[in-house]
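What follows is calculated from the coordinates using simple rules that are stated; it is not laboratory data. No experiment lies behind these values; they were computed from the predicted model shown. Positions of Cβ are generated from backbone atoms using ideal geometry, with glycine treated the same way; all protein chains shown enter the neighbour counts.
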Amino acid sequence: MSDTHHLEGLATLARYWSLMMSTEAGSGHPTSSLSAADIMTSLFFGGHFRFDTNAIANPHNDRIIFSKGHASPLFYALWTAAGEIPEADLSTYRKFGSYLEGHPMPTFKMTEAATGSLGQGLSIGMGMALCAKYLDKTDACVYVLLGDSEMAEGSVWETMNIASHYKLNNLVGIIDINRLGQRGETMFGYDLEEYKNRVEAFGWQVLIVDGHLMEDINRAYDEAKQSTDKPVMILAKTIKGKGVSFLENQEGWHGKALDTNDFEKARLELGEIDTSLRGTFASIGTTRVEEDPVPSREVLHKIELQYKKDALVATRQVYGDALVAVGKYMPSIVALDAEVSNSTFADAFKKEFPERYFEMFIAEQNMVGNAVGLAKRGKIPFVSTFAAFFSRAFDQIRMAQYTQSNVKFVGSHCGVSIGEDGASQMGLEDIALFRSIFDSVVLYPADAVSAAKLIQEAAIHKGIVYIRTTRAATPVLYAASESFPIGGSKVLRRSDKDVVTLISAGITLFEALAVADEYAKQEIGVRVIDVYSVKPLDTKTLLDASRETKAIIAIEDHYQAGGIGEAVCLALAQESVSVHTLCVRKMPHSGTMAELLDYEEISRAAIRAKVQSLL
């Protein structure tokens, strides 16, 4: 363990750099950094944090997440003291093109996950802790710095509830209790007993320390490692702005940088500053664990799940079957579900690979955060629940894009076609939600074969993928030999005399096919395209249809905003063809699938009427 005097010197240096870089940037959160400087300096350099900087991905490394991402000046200062950031680069903080962004991002290689939307770091850390304890089976520990303000976030307590269920003794939270939030005192101020009672009620071991007494902090970290079956929460009482008298415990300084005059005053108050000081991490030894290789597309395409032509099979059921099949080739695949696995059919994976399945109960925000943590550790999480319920975890999904997460989301029970359960269960915003995510892929299979093939494609694609599955059983359309590349489509009805093109995916594709077949008997050509890849769209095929037919009709079991119709309109915006959309436009109710498709005017009768009006 480093001596106390050395640690105190490093903490002073971290405070100096935090003030310096935020002053030069003209913005930032220096006072939030000053309060946590001692507790985090102790963790980094007090012999507690085991990390090999030459092998960042090593599963035996401990992990640190700043859930209070606004304390980024401290985060960068500590990594500078660790020798991973040149001191000169601190002057680029928050400037365009710098890897030292206002809130930590993967542009800096030591950032475990993008943070800044409060309340998410603990769930990401939990995912990493699950990976270390149950999958990689290492003794790696995950440390998460939390702000006292963010303890008002429900997502934190979702994580605390489930982390104790999984007995994650390798997960250590540190709450920087500095009393002051952005606009004044936090909910509990300095009432550490209240924090203690609440945290213990969720099954965690609690340690209380003076967050500025280095010896006490060191003892707490040592004690945290002795836990055998509980996650640990360190409650550190600190002073916001610690080390600078005119900042200490003062309101009005949150998110405010010092001007140059105040910075000079603060620098003098900090006392002796040795900018040559550096810290070291505890050793993890030389153990290495290689990542699981990703099989080629050719290997996965040899997997053939047998579905008879025209047999009725629900794509949600295929999800379970296909994930098991792919999981045999890809040991890095894990599955998470929010207590609906017997409806999403994720339970098939649970039965086959129980050690790679994690029940997240009805806590979708924590589930997504865990998936991000697992993905960061090299796993490929498939996350499933009803499509409607991903909306409550949208912030976690939004942040996952900034961590560049390799997570696959599977939403079942989409659209009004689920029937009698009613509006609250109908995923009608999910396509819009996932289309809005940067560089995401959105897939909507109509039948069993396409669903199975798209699960394979999702597994080997690097990045966020959303797969929309249907509750009702649908006829098998495709032969097992068909391929379904991301960005593709299938033209199911076509002739040289087509006058109208119907574009659809999923449940309404069958309504479109029925209409096309009716018109074929009248020798009127109606083209039908299965846009199973909603994002990215097969723009070439759509352009061909726009130039070869007189009108386009997009049909979908989804609200208009952000749906397939809007995507098609955008793709064909420069074309002269008229584009019409049939989608969910009325407040849905309970009823049979047929009644609801008719009510929302996305059934074959509605499509027929629209085609007839155009003819």
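The figures follow:
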item	result
DSSP beta bridges in region 490-614 [antiparallel fraction, %, rounded to 5]	15 percent
Three-way shape call for region 297-475 based on the alpha-carbon gyration tensor, with the a/c threshold at 1.5	rounded
Mean Cα-pair separation over length for region 297-475, i.e. relative contact order, pairs under 8 Å, 6 or more apart, %	29 percent
For residue 64, residues with placed amide H under 5 Å, excluding near neighbours	143
14 Å beta-carbon shell around residue 95, net charge (K/R +1, D/E -1)	-2
Amide H contacts under 5 Å for residue 208, placed H, 5+ residues apart	235
Relative contact order, percent, region 4-270 [alpha-carbon distance under 8 Å, six or more residues apart]	24 percent
Helix 448-460 axis, angle to the chain major axis (alpha carbon atoms, nearest 10°)	30 degrees
Quotient of C-alpha Rg and 2.2 N^0.38 Å, computed over the chain	1.08
Residue 554 long-range amide H proximity, modeled H, under 5 Å	503, 580, 581, 582
The chain: antiparallel DSSP beta bridges as a percent of all, rounded to 5	15 percent
3J(HN,Hα) from dihedral phi, region 81-88, Karplus parametrisation 6.51/-1.76/1.60, rounded to Hz, x for glycine, proline	5, 7, x, 9, 10, x, 4, 4
Phi-based couplings in Hz for region 363-374 (Karplus 6.51, -1.76, 1.60; Gly and Pro marked x)	8, 5, 5, 5, 4, 5, x, 4, 4, 4, x, 5
Pairs beyond 22 Å (Cα-Cα), from 376/408; 490/535; 453/535; 242/265; 490/586; 196/225	490/586
Ascending count of other beta-carbon atoms within 10 Å, so fewest first, for 128, 151	151, 128
Computed magnitude of the charge dipole of the chain (debye, nearest 20; Cβ of K, R +1, Cβ of D, E -1)	1420 debye
Karplus (6.51, -1.76, 1.60) ³J(HN,Hα), θ = phi - 60°, over region 391-397, in Hz, Gly and Pro reported as x	4, 6, 10, 4, 5, 5, 5
Per-residue [θ]222 nm for the chain (sum of -39500 (n - 2.57) over DSSP H runs n ≥ 4, rounded to 500)	-10500 deg cm²/dmol
Rounded tilt (10° steps) of 4-25 against the dominant C-alpha axis of the chain	60 degrees
DSSP-assigned coil residues among trypsin sites (Lys or Arg not before Pro) in region 159-250, each with at most 14 further Cβ atoms within 10 Å	183, 225
More than 19 angstrom apart: percent of Cα pairs within region 478-542	32 percent
With Cα atoms, 0 to 90° folded angle of helix 214-224 axis to the chain main axis	40 degrees
For region 391-444: relative contact order, % (alpha-carbon pairs under 8 angstrom, 6 or more apart)	32 percent
Radius of gyration, Dmax [region 53-210; alpha carbons; angstrom]	16.2, 46
Cross-link partners of residue 95 among lysines (Cα-Cα below 21 Å; sequence separation of 8 or more within a chain)	68, 109, 256
